[in-house]
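Just so it is clear, none of the values below were taken in a lab; they were calculated from the coordinates. Not measured: the values here are computed from a predicted model. So basically every Cβ, Gly included, is an ideal-geometry build from the backbone, and we count neighbours across all protein chains shown.
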Amino acid sequence: MKFKAICENHLYSKAYSKGKRAVTSALAVYVLPDYAAKRLAKAHPQKKIVNRIGLTTSTKLGGAVVRSRARRIMREGLRLLEKERPLKTGFLIVIAARGAATAMKSTDIKEHLHEAFERLKMFKEL
């Protein structure tokens with residue numbers, strides 16, 4: 001499933017300042033309830049409430065190639081995790097890469113995301 005992206009800068013700022021945070025050595029994950037989720041669900045073809053995802057990489061990580069690779073790997077790690085255990089919906093989720101993320105594979109990132117989402121209690125109850 002393709003993720004709905006966060007496109008507005010003010011939503012990133014809100015997630016950073018008011019959202020719950022879980023930090024690992026490779027990632028920092030910020031989660032904030034999305035108050036526009038119900039309004040956006042009406043525009044969704046299947047009328048589902050979805051999460052909006054934002055991936056950030058700082059220029060401290062390296063050049064454009066390194067940052068793009070980090071975002072690609074974070075996206076794949078999130079996709080693998082979502083397939084394994086579904087997340088609660090209706091949230092703004094911002095995932096910020098840290099220095100250790102540039103040398104990792106998508107399976108390693110998946111484990112870091114699992115740890116962070118576990119701390120934030122973001123998994124649906126089975």
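Values for this structure:
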| item | result |
| --- | --- |
| Gaussian network model of the chain, Cα within-10 Å springs - most flexible of 66, 94, 31 | 66 |
| Antiparallel bridge percentage (DSSP; both residues within the chain; nearest 5) | 65 |
| Computed over segment 13-84: relative contact order in percent, which uses C-alpha pairs under 8 Å that are six or more apart | 16 |
| Residue among 32, 9, 78 farthest towards the positive dipole end of the chain, charges placed on Cβ | 9 |
| Between segment 1-59 and segment 60-119, the Cα center-to-center distance that results, in Å | 13 |
| Structure-derived Rg and Dmax of the Cα atoms in Å: which label, when the choices are [x] 13.1, 39; [y] 14.7, 45; [z] 14.0, 41 | [z] |
| Cα-centre dipole for segment 1-46 with unit charges at Cβ (Lys and Arg positive, Asp and Glu negative), debye to 20 | 160 |
| Segment 13-23 - phi-based ³J(HN,Hα) in whole Hz, Karplus 6.51/-1.76/1.60, Gly and Pro as x | 4, 4, 5, 5, 7, 10, x, 6, 10, 10, 10 |
| Segment residue 79-residue 125, extension gain: residue separation times 0.36 nm, minus the distance between their alpha carbons | 14.7 nm |
| Assigned charges on the beta-carbon of Lys, Arg, Asp, Glu; the chain dipole about Cα centre (debye) | 440 |
| Exposure proxy order (Cβ contacts within 10 Å, fewest to most) of 10, 44, 112 | 10, 44, 112 |
| Label-point gap, in nm, between residue 41 and residue 72 - each point 7 angstrom along Cα→Cβ | 3.5 |
